[in-house]
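Below you'll find the structure, written out as structure tokens, and then a few comments.
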Amino acid sequence: MKQKKIVTVIGARPQFIKASAVSAVLAESDQLREIVVHTGQHFDANMSDVFFAELGMEAPAYQCAIHGGTHGDMTGRMLIDIEKILMLEKPDAVLVYGDTNSTLAGSLAAVKLHIPVAHVEAGLRSFNMRSPEEVNRILTDRVARWLFTPNSEAGVHLLREGVGSDRIHQVGDVMLDVALRHGERVTSDGGVLGRLRQEHGVQAGEYCLATIHRAENTDDPGRLATIVDALSHFARDIKVVLPLHPRTRNTLAKQGKLQALKNAVVVLDPLGYLAMVQLEKYAAIIATDSGGVQKEAFFYGVPCVTLRDETEWTELVKAGWNRLAPPVDATAVLQSLRAGLESTGEDIAPYGSGDAAVRIVERLSDELA
């Protein structure tokens, strides 16, 4: 039997993580063959190349090298390139992940060529239409044939929006698949944590891991200043380790705040996947504006403070594993960080049992047969 062809479109670091689980299952399939397109949205070696190597993924068949510019400019250039690839490859389906510009471009290119779209991590809603990610995920869900949801709440959102139940498939969260697969590979010895222990006295279980990258924070001087102020003050209580996204670093440098931040917290360059897992797994608390890191904190049993006005992962807030701290007042953010230390949440399992990738591939195999 001739294999059906799946084109997977990815471009950002969280998508590499999610795709690694599904790509591993696809590689073993007799019915499906995957071709990976990397848009280039995350392009430097620490945020792209090293991820493929550490996650055991083959190099993408296509590298578009599209990054920088406004949302419209980036998405438009991606759309042009992806359309050309799809016209050349003529796949039976296109697989996209999450809520980035790469997700939207891949979905639009496919649907305009009448190629069915599968959306992994469908149905998530922050209900903030000012967020580019919210726009991307809603539009992708609207045009996708297969909506693979990570939890029950995502399905409820889709049904409320009028999506037919036949398109919704609750499979669990592929990030749990990845956490189970790779979490055991790291210990508290050696690696980046070993280096931080020697150079800065950072001890396992006694530091805050922080990440800042979302445009709503980095592009707003007031919000960014609030985050910097809160983390700097929190560093007087506990060491703060901050792997700094390139865009965030550039913004802080332009605002003249980078050196002051370095004086208060331990600033690192972007990390590879396993290094990040090590820091997440052994943190006392995590402060982030990343959707994926919120879940990874939960997977490793670490309390999280989300530096946003809202989150897609409301079940973690309800269960006490996560708390929202909108970065509009540094004192309030600092209070949330202090309250989060040594806190624990309820014993919940909202994201399946770690077999989401298998269920996704089985569904696609059945329906494309």
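The residue pairs whose first member lies in the range 286-297 and is free of Cβ contacts under 8 Å to residues at least 40 places away in the same chain, whose second member is acidic (Asp, Glu), and whose beta carbons are closer than 8 Å, counting only pairs six or more residues apart or on different chains, are ALA297/GLU280. Within the range 120-164, the set of residues being under 19 Å from the mean Cα position of the chain (by Cα), of a type in the set (Phe, Trp, Tyr) and under 20 Å from LEU176 (Cβ atoms) comprises just one member, PHE148.
Annotation note: of GLY190, GLY205, the sole residue that is on the phi > 0 side of the Ramachandran plot and touching a residue at least 40 places away in the same chain (Cβ under 8 Å) is GLY205. A single entry from LYS318, LYS295 fulfils the requirement of being loosely packed, with under 15 Cβ neighbours inside 10 Å, closer than 24 Å to PHE148 by Cβ and not assigned by TED's automatic domain parsing to the domain that holds ALA12: LYS318.
The combined condition, being under 24 Å from the mean Cα position of the chain (by Cα) and outside the structural domain of LYS254 (by TED's automatic domain parsing), is not fulfilled by GLY205. A search for C-beta distances below 7 Å between a residue of the range 1-29 that is more than 20 Å from GLU367 (Cβ to Cβ) and at pLDDT 90 or above and any residue that is surrounded by 18 or more Cβ atoms within 10 Å (Cβ to Cβ) and among the polar types (S, T, N, Q), counting only pairs 6+ apart in sequence or on different chains, returns ILE10/SER102; GLY11/THR39; GLY11/GLN41; GLY11/THR100; GLY11/SER102; GLN15/THR100; GLN15/SER102.
I need a count of the residues in the range 71-107 that are surrounded by fewer than 24 Cβ atoms within 10 Å (Cβ to Cβ) and not hydrophobic (A, V, I, L, M, F, W, C).
Summing the residues that are surrounded by fewer than 24 Cβ atoms within 10 Å (Cβ to Cβ) and not hydrophobic (A, V, I, L, M, F, W, C) in the range 71-107 gives 13.
When ILE227 is tested against (1) under 30 Å from THR100 (Cα atoms); (2) crowded, with 19+ Cβ neighbours inside 10 Å; (3) in contact with a strand residue (DSSP E or B) (Cβ under 6 Å, 6 or more places away or on another chain), only condition (3) is not met. Restricting attention to the range 215-238, the residues that are free of Cβ contacts under 8 Å to residues at least 24 places away in the same chain and either part of a helix (DSSP H, G or I) or not assigned by TED's automatic domain parsing to the domain that holds GLU280 (or both) add up to 0. Taking the criterion of being in a strand (DSSP E or B) and either in contact with a Lys or Arg (Cβ under 8 Å, 6 or more places away or on another chain) or not hydrophobic (A, V, I, L, M, F, W, C) (or both), the residues of the range 272-309 that qualify are THR288, CYS304, VAL305, THR306.
Going by the conditions given, is THR311 surrounded by fewer than 22 Cβ atoms within 10 Å (Cβ to Cβ), under 16 Å from the mean Cα position of the chain (by Cα) and not acidic (Asp, Glu)? Here the answer is yes, as THR311 does meet what is asked. For the range 314-366, residues that are closer than 23 Å to ALA122 by Cβ, touching a residue at least 24 places away in the same chain (Cβ under 8 Å) and not small (Gly, Ala, Ser) total 15.
Which of the residues belonging to the range 239-271 are β-branched (Val, Ile, Thr) and in a helix (DSSP H, G or I)?
Within the range 239-271, THR248, THR251 qualify.
In the set LEU147, LEU158, only one residue is part of a helix (DSSP H, G or I), without any contact (Cβ under 8 Å) to a residue 40 or more places away in the chain and under 26 Å from PHE299 (Cα atoms); that residue is LEU158. Within the range 234-261, the set of residues being of a type outside the set (A, V, I, L, M, F, W, C) and more than 17 Å from VAL202 (Cα to Cα) comprises HIS245, PRO246, ARG247, THR248, ARG249, ASN250, THR251, LYS254, GLN255, GLY256, LYS257, GLN259.
Among the listed residues VAL9, VAL117, identify the single one that is under 18 Å from the mean Cα position of the chain (by Cα) and either surrounded by 21 or more Cβ atoms within 10 Å (Cβ to Cβ) or basic (Lys, Arg) (or both). Show your work before the answer.
Numbers: VAL117 fails: under 18 Å from the mean Cα position of the chain (by Cα).
Answer to the check: VAL9.
The values are calculated or read from the model by the stated rules, or taken from the named source; none is laboratory data. In this text the structure is predicted, and so the values were computed from the model without any measurement. Neighbour counts run over all protein chains shown; Cβ positions are idealised from the backbone, glycine included.
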